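Undergrad: Below you will find the structure I want to go over with you.
The values are calculated or read from the model by the stated rules, or taken from the named source; none is laboratory data. Treat the numbers as computed from the prediction; the structure is a model and nothing was measured. Every residue, glycine among them, receives a Cβ derived from its backbone with ideal geometry; neighbour counts consider all protein chains shown. Remember, those area values only see protein heavy atoms, side chains included, never the ligands or the DNA or RNA. Shrake-Rupley method; radii C 1.70, N 1.55, O 1.52, S 1.80 Å.
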Amino acid sequence: MADHAAALTWIRAAPEDAEGPGPWIEIAFGHGDLVYLRETGDPGTVVTTTAQKWEAFTRGVVAGEFDHFAGTEATGPDT
């Protein structure tokens, strides 16, 4: 998987004015129906999903279905 993932073209999901290494999520669209996700700080760990599931997720983000994760109430156990 790591060899295959290295050959992909990764797109960094970061604000346009963002500087530095992140941490950011990177996305790559592979052959067929596959979408790959990884963190800039751990590029060897890659998660794979389908284009259909990725499209459903991004539609949910745009629709605000995940806004509750972005607020102060979304702090996890490490904070």
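Undergrad: Could you tell me which residue of the range 22-43 is nearest to L8 (Cα to Cα), considering only residues that are open to solvent by less than 60 Å² (accessible area, probe 1.4 Å) and in a strand (DSSP E or B)?
TA: My answer is A28.
Undergrad: Enumerate the pairs (first residue in the range 45-65 and touching a residue at least 12 places away in the same chain (Cβ under 8 Å); second residue anywhere and of a type outside the set (A, V, I, L, M, F, W, C) and open to solvent by less than 90 Å² (accessible area, probe 1.4 Å)) with beta-carbon separation below 6 Å, excluding pairs fewer than 6 apart on the same chain, so at least 6 apart or on different chains.
TA: Pairs found: V46/Y36; V46/R38; T48/Y36; T50/D33; A51/D33.
Undergrad: Identify, from the list V46, V61, the residue that is assigned to a strand (DSSP E or B) and modelled with pLDDT of 85 or more. Spell out the reasoning first.
TA: On the way: V61 fails: assigned to a strand (DSSP E or B).
V46 is the lone residue from the list that is assigned to a strand (DSSP E or B) and modelled with pLDDT of 85 or more.
Undergrad: Given (1) in contact with a His (Cβ under 9 Å, 6 or more places away or on another chain); (2) more than 21 Å from A14 (Cβ to Cβ), where does Q52 come up short, assuming only one miss?
TA: Only one criterion is unmet by Q52, namely (1).
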